[in-house]
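Step one of this worksheet: look at the structure below.
The values are calculated or read from the model by the stated rules, or taken from the named source; none is laboratory data. Not measured: the values here are computed from a predicted model. So basically every Cβ, Gly included, is an ideal-geometry build from the backbone, and we count neighbours across all protein chains shown. Heavy atoms of the whole protein, side chains included, go into the accessibility calculation; ligands, DNA and RNA do not. Shrake-Rupley method; radii C 1.70, N 1.55, O 1.52, S 1.80 Å.
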Amino acid sequence: SLFLVFSTTMSWLVGVGLSCCGNTCVALSYALQRYAHTKVPSGGKVTSLPVFWLGLILMAPGELGNFFALGMIPASVVAPLGALTIMFSALLGRFLLGEELLRKGYYGAVVLVLGAACVICSTPQQTAPSGLDELRERLANGAFIVFAVVLWIGAAFAFFKPNSLLPNVFLMGVIACFCSLSTKTVSFMAQTGDTRWTEPLALGVLGTLICMIVLQLSMFQRVLSRFGVSLVVPLHFVQYTILTSIGATLLYGELINFPANNMILFIAGCLLCFLGSWLVSSARPQQRAEAGEEMHSLQEDEKAPLNVEDLQDSQA
């Protein structure tokens, strides 16, 4: 019994450590890629710089850290810990790239650390399907089916609102949620030695994971380029954490039969992470100004009347 407790605790600590290290690598990857963009010569390509590829390569261990962490700790813990990427990215931007960071950004970093500590200490139970048979039973859960159908219907409507911030962020949150849920299943199967990868359900989970990764990367870049970091990142993080926690509870039962005091600590930790991510993201004046200019330009484009002469010129 004592060995089981020790083994569970060590697995928990290793999972938390992997998630934190993974988020640090992802933040460093973003910082190095931004640094490469500042050093690209006029008329040159950023892909010609070694530092850009170093940043791109660092993305791999970052994502692998979160992949293995999802097999050791609940998805409802990994999701809030993603806020550490926001903090590390802002601090690396300040000290590595010389980007401006207002004082409230440092306050936000402290709040984020406190929030992450609360989430870790709340210790939601780690539950995952022991195999494909149990996963098949859990996917047949009526509540999860309703949850998935409602989200994807909402995502379908959001897809046709490319110029609106909230629908785009909602679509990103849905994609990220199902990416985490499928990643957790694949990670747990890999770590438990389940070799039935050729069965239709396993192939479906792998296919979902690959599709969600591709969609997440393309959507994130598109929305960031249109609305800016300080608008997108906090909203996306809040929505992703909430949807992933609900999905993990319905599919894996992570927050079911959770003690009241632990639930209060978990919710408080998530709220602190939300607040800290907003403080850090809004404390970067350059990005906030760029986001404001993009939003203003977008609104002006939508309001601009049709110029008949320009239309005739284009047809000519």
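Per-residue answers, yes or no, for (1) surrounded by fewer than 18 Cβ atoms within 10 Å (Cβ to Cβ); (2) part of a loop (DSSP other than H, G, I, E, B); (3) at pLDDT 90 or above:
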{"site": "174", "(1), (2), (3)": "no, no, yes"}
{"site": "197", "(1), (2), (3)": "yes, yes, no"}
{"site": "205", "(1), (2), (3)": "no, no, no"}
{"site": "222", "(1), (2), (3)": "yes, no, no"}
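Would it be correct to say that residue 308 is more than 15 Å from the chain's Cα centre (by Cα), at pLDDT 75 or above and either open to solvent by less than 60 Å² (accessible area, probe 1.4 Å) or over 25 Å from residue 164 (Cβ atoms) (or both)? No.
This table checks each residue for (1) closer than 21 Å to residue 66 by Cβ; (2) out of contact with any Gly (no Cβ under 7 Å at 6 or more places or on another chain); (3) open to solvent by 30 Å² or more (accessible area, probe 1.4 Å).
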site: 154; (1), (2), (3): no, yes, no
site: 157; (1), (2), (3): no, yes, yes
site: 161; (1), (2), (3): no, yes, yes
site: 166; (1), (2), (3): no, yes, yes
site: 177; (1), (2), (3): yes, no, no
site: 180; (1), (2), (3): yes, yes, no
site: 189; (1), (2), (3): yes, yes, no
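Filtered by the rule that a residue be closer than 16 Å to residue 239 by Cα and of a type outside the set (A, V, I, L, M, F, W, C), segment 130-163 gives a lone residue, 154.
Pairs are defined by a Cβ separation below 8 Å, a sequence spacing of at least 6 or placement on different chains, a first member in segment 95-109 that is more than 9 Å from residue 276 (Cα to Cα) and among the hydrophobic types (A, V, I, L, M, F, W, C), and a second member that is assigned to a loop (DSSP other than H, G, I, E, B) and open to solvent by less than 60 Å² (accessible area, probe 1.4 Å); the pairs so defined are 101/283; 101/284; 102/283; 102/284. Scanning segment 135-149 turns up no residue that is buried (at least 18 other Cβ atoms within 10 Å of the Cβ), at pLDDT below 85 and within 23 Å of residue 273 (Cβ to Cβ). Might you let me know whether segment 246-264 holds any residue that is touching a residue at least 24 places away in the same chain (Cβ under 8 Å), surrounded by fewer than 23 Cβ atoms within 10 Å (Cβ to Cβ), in contact with a Gly (Cβ under 6 Å, 6 or more places away or on another chain) and not β-branched (Val, Ile, Thr)? No: zero hits.
Of the helices (runs of 4 or more DSSP H) lying entirely inside segment 1-110, the ones with 1 or more residues being modelled with pLDDT under 80, on the phi < 0 side of the Ramachandran plot and open to solvent by 70 Å² or more (accessible area, probe 1.4 Å) are found at 2-39.
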